[in-house]
1. What number of residues within the stretch 105-153 are closer than 17 Å to R184 by Cα and acidic (D, E)?
2. Just checking, how many residues over the stretch 120-139 are among the small types (G, A, S), out of contact with any Gly (no Cβ under 6 Å at 6 or more places or on another chain) and buried (at least 17 other Cβ atoms within 10 Å of the Cβ)?
3. Within the group S102, S117, which residue is closer than 23 Å to E76 by Cα, buried (at least 21 other Cβ atoms within 10 Å of the Cβ) and within 13 Å of the ligand (Cβ to nearest atom)?
4. Select from the stretch 321-359 the residues that are away from the ligand (no atom under 16 Å from the Cβ), part of a strand (DSSP E or B) and either not assigned by TED's automatic domain parsing to the domain that holds A301 or not β-branched (V, I, T) (or both) and list them in ascending order.
5. Taking V419 as the residue in question, decide whether it is surrounded by fewer than 24 Cβ atoms within 10 Å (Cβ to Cβ), assigned to a helix (DSSP H, G or I) and at pLDDT 95 or above.
6. Being within 16 Å of the ligand (Cβ to nearest atom), open to solvent by less than 50 Å² (accessible area, probe 1.4 Å) and closer than 26 Å to E225 by Cβ, is that true of even one residue in the stretch 140-157?
7. Among the listed residues L139, L109, L126, L132, identify the single one that is free of Cβ contacts under 8 Å to residues at least 24 places away in the same chain and assigned by TED's automatic domain parsing to the domain that holds E190.
8. Looking at the stretch 292-303, can you tell me whether even one residue there is surrounded by fewer than 22 Cβ atoms within 10 Å (Cβ to Cβ) and over 18 Å from the mean Cα position of the chain (by Cα)?
Amino acid sequence: MNLSDFYKEAGIDKEVFELGERAESELKDRFDAIDKMAELNQIKVIEAMRKERVSYDCLNGTTGYGYGDVGRDTLEKVYADVFRGEDALVRPQITCGTHAISLALFSNLRPGDTFVSIAGKPYDTLDDVIGLNPCPGSLAEYGVKYRQADLKPDSSFDWDAIRSVIDDTTKIVEIQRSKGYATRKSFSVEEIGEATRFVKSIKPDVLVFVDNCYGEFVEDKEPLEAGADFMAGSLIKNPGGGLAPIGGYIVGKKECIENAANRLTSPGLGREVGASLNAMRDFYQGFFLAPTVTAAAEKGALFATKIFEGLGYNCIPKADEKRADIIQAVELKTPEGLCAFCEGIQAASPVDSYVKPEPWDMPGYSDKVIMAAGTFVSGASIELSADGPLREPYAAYFQGGLTYPHAKFGILMALQHLVNAGEISLK
Ligand SMILES: *Cc1c(COP(=O)(O)O)cnc(C)c1O
């Protein structure tokens, strides 16, 4: 049997398979460049692990208070080295990306301060954190004000708008690297650097914070190297490498991290407590795998773009654009199209492949959301997954894939489901 027979047995038509082979053959140079980036970042991670003398003992966890947890303390140094920060907090007690960002903000803002977003409205789950919707315990309840500068229609920074929202009370300026659930572009580290310099030219003592979710290891530099003060992300996305079962990180200026540690545990206890339980082996091994896992996910995103652009769908970013994260938005135009796409991704999953995803009212999101994820770690979006809010333009946000062959299979299955649903004709 050859490859096309395997796909056929899996339910992929010959036309769908052949479309995939053509798309893949046109991506060879791009794939080579992604592999080179993974190589560079792999060395970065190993070098940090060598420098900090990661030992077998680091892989064992602690219980109770977790005093003197060498594995945890060493891992935090490894993260700080790789992301070029003064210090880092990397914990299983940080439950997810939203929690990491919320922790970074609450711990570094005080009543009377203003928090400013200069990349338009932040990721949906931060609405409640900021208090855009009234929510018990929000920043608004603690007397932290919020202002935002929207992006220009071409999704570039609006310098005049940014100047007008920064004043004496501005303490933190947030830049979200990845597009999240918006149909804008994601920012490169270079663009983040340019915006950081501009913000600091207006108010030098402002802290620039980057929501780094999905951006890790896509480029050879990370936002702190471009001048940002601190940043946060989720361990069930890129840096967890698919193995971390939970967790978040904050990396950056020493005082920002100390504030975060004091809020995560308690003033006086700070970073000294927090047992790592059994998470350390997965955290280390996942971080070690993260550069190549991120590369696999990126190749999958590119493959999807090449195919769907060829079929006339609007994709963000476009196939020939430089990528800044692993998310691919494909605008499927109809609710049926969005649902068929997600059903295909689900059907190609190693876990829960027989389940049909349904749109639901997810906490923290204002529209119904459909999610496809047949993952080993629940909700891990570094694993092949697709989701999207049921609203115009019915964009599927597609991301992840621990291996490129799985990402490719998932995308072909998504295409097959669109064909079966009558949304696309290949004949
Ligand atoms: C995923 C994501 C978050 C939130 O992370 P969760 O782990 O889902 O809470 C925040 N910002 C961006 C840009 C994200 O992609």
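The values are calculated or read from the model by the stated rules, or taken from the named source; none is laboratory data. Note that this is a predicted model, so its numbers are computed, not measured. Cβ: placed from backbone, ideal geometry, glycine included. Neighbour counts: every protein chain shown. Note: areas computed on protein heavy atoms with side chains; ligands, DNA, RNA excluded. Shrake-Rupley method; radii C 1.70, N 1.55, O 1.52, S 1.80 Å.
1. Taking the stretch 105-153 first, the residues closer than 17 Å to R184 by Cα are 117-124, 148-153.
Pick out the ones that are also acidic (D, E) and you get 124, 150.
Of the residues in that region, 2 qualify.
2. Matching residues across the stretch 120-139 total 2.
3. The conditions single out S102.
4. Answer for the stretch 321-359, where residues must be away from the ligand (no atom under 16 Å from the Cβ), part of a strand (DSSP E or B) and either not assigned by TED's automatic domain parsing to the domain that holds A301 or not β-branched (V, I, T) (or both): just E331.
5. yes
6. Yes, that holds for at least one residue.
7. Step by step, each of L139, L109, L126, L132 is checked, and only L132 is free of Cβ contacts under 8 Å to residues at least 24 places away in the same chain and assigned by TED's automatic domain parsing to the domain that holds E190.
8. no
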